[in-house]
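The values are calculated or read from the model by the stated rules, or taken from the named source; none is laboratory data. Please read all numbers here as calculations on a predicted model, not as lab measurements. Cβ placement follows ideal geometry from the backbone for every residue including glycine, while neighbour counts extend to all protein chains displayed. Surface accessibility is based on the protein's heavy atoms, side chains included, excluding ligands, DNA and RNA. Shrake-Rupley method; radii C 1.70, N 1.55, O 1.52, S 1.80 Å.
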Amino acid sequence: MARLLRNLLDVTFARSPFQPAFQRVAGRRLAVLTYHSVPDGAAFGRHLSYLRREAHPVSLHQLLETIEREAPLPERSVLITFDDADRTLLEVAVPLLQRYEMPAMACVVAGALDSNEPFWWDEVEELVMSGGGSMGFPRDHSLVQAMKQVHDRRRLQVIDDLRASAERPATRVQHLRADELPLLEAGGVAIANHSLTHPCLPRCTNDKIETEVFAAHQILTRALGHPPSAFVYPNGDCNDHVRGVVGGAGYRIAFLFDHRMVSFPVSDPLRVSRLRVDPSVSLDRLRIVLSGLHPAVHRIRMALRRTANPPSVTAQ
Ligand SMILES: [Zn+2]
């Protein structure tokens, strides 16, 4: 029902008089699209076909050059990124990217390479489903969001509580191997550092922030034979200190996850916006994301929600 209503709203917005007005302004901006998993090749192929036809796909390298020369990108430029880089990137997305000749960027959680440990948020969801809990935290889908609000030490403690109280451990998964990263690069997918274990960096101690950035940098540099050229803040969370550490590690570009388009000239290359999208969304939704209409409506909705429910002080 919710999905039906969402689709109806997407169709309505895509055909509204706002869409062409937003589209005109958006044409001069960059859209950095963020996909996660790509389980359905057919749906993702429809997105790529649309983007090939209606947009101007650019690579991370082109974007870096453009920022350094302070020049604009071509009209309707789009950079495709894959957050967390699970195996569907290599197995489903890359062959399609090659078919449509689209460059992209993978945001790799370096500590997950060669491991079978699920990402912490997937593990938490599964442990809650099998009866796990932690005192003072919700026992439903809102738990992951609540854990992103507390200090990182507390988050790790909650994971321990869930592991101890759940009926069974979370399912193991098969992540990418370090020796597969060069294959991604050869397929036109640039590799970005997405931290070691994907905590919310502003909630970590200074020592942990350094470890998350530099240890991941070393692992990826070893796997690629050269340093990765971009950093992607886990969960999009960044403050001045985190930004300083990332810049100190030599990164010239870093990405947020704030559902906004990028204007030129880029005001801060270490805080470049990305848009949220999913291979399963309709082309109407993709259109209104690319025009900036969906991000604008989303910001209004969030502001109204904050007015109705002001954030309470979070314990711990
Ligand atoms: Zn991520």
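Would it be correct to say that V32 is of a type in the set (A, V, I, L, M, F, W, C), over 19 Å from H259 (Cβ atoms) and within 16 Å of the ligand (Cβ to nearest atom)?
No; evaluated as a whole, the condition is false for this residue.
Restricting attention to the range 225-242, and to residues there that are of a type outside the set (S, T, N, Q) and open to solvent by 20 Å² or more (accessible area, probe 1.4 Å), which single residue is farthest from I209 (Cα to Cα)?
G225
Would you check which residues across the range 148-171 are of a type outside the set (A, V, I, L, M, F, W, C) and more than 25 Å from L201 (Cα to Cα) and list them?
Residues satisfying the conditions are S165, E167, R168, P169, T171.
Can you pull out the residues in the range 105-148 that are among the polar types (S, T, N, Q) and within 15 Å of the ligand (Cβ to nearest atom)?
Within the range 105-148, just Q145 meets the criteria.
Applying the selection to the range 278-292, what residues are open to solvent by less than 10 Å² (accessible area, probe 1.4 Å) and of a type in the set (A, V, I, L, M)?
Within the range 278-292, L286, I288, V289 qualify.
Give the residue that is nearest to L33 (Cα to Cα), with candidates limited to residues of the range 52-75 that are of a type outside the set (A, V, I, L, M, F, W, C) and crowded, with 19+ Cβ neighbours inside 10 Å.
Among residues in the range 52-75 that are of a type outside the set (A, V, I, L, M, F, W, C) and crowded, with 19+ Cβ neighbours inside 10 Å, the one nearest to L33 (Cα to Cα) is P57.
Which of the residues belonging to the range 208-248 are within 23 Å of Q145 (Cα to Cα), outside any helix (DSSP H, G or I) and within 16 Å of the ligand (Cβ to nearest atom)?
F231, V232, Y233, D237, C238
Does D179 satisfy being crowded, with 19+ Cβ neighbours inside 10 Å and modelled with pLDDT of 95 or more?
The answer is no for D179.
Looking at the range 140-154, which of its residues are open to solvent by less than 40 Å² (accessible area, probe 1.4 Å) and either free of Cβ contacts under 8 Å to residues at least 40 places away in the same chain or touching a Pro at 6+ places or on another chain (Cβ under 7 Å) (or both)?
L143, V144, A146, M147, D152, listed by residue number.
Going through D114, D84 one at a time, which residue ends up being modelled with pLDDT of 95 or more and open to solvent by less than 70 Å² (accessible area, probe 1.4 Å)?
Matching residue, one of D114, D84: D84.
Go through (1) without any contact (Cβ under 8 Å) to a residue 24 or more places away in the chain; (2) open to solvent by less than 50 Å² (accessible area, probe 1.4 Å) and name the single condition L9 misses.
For L9, the failing item is (2).
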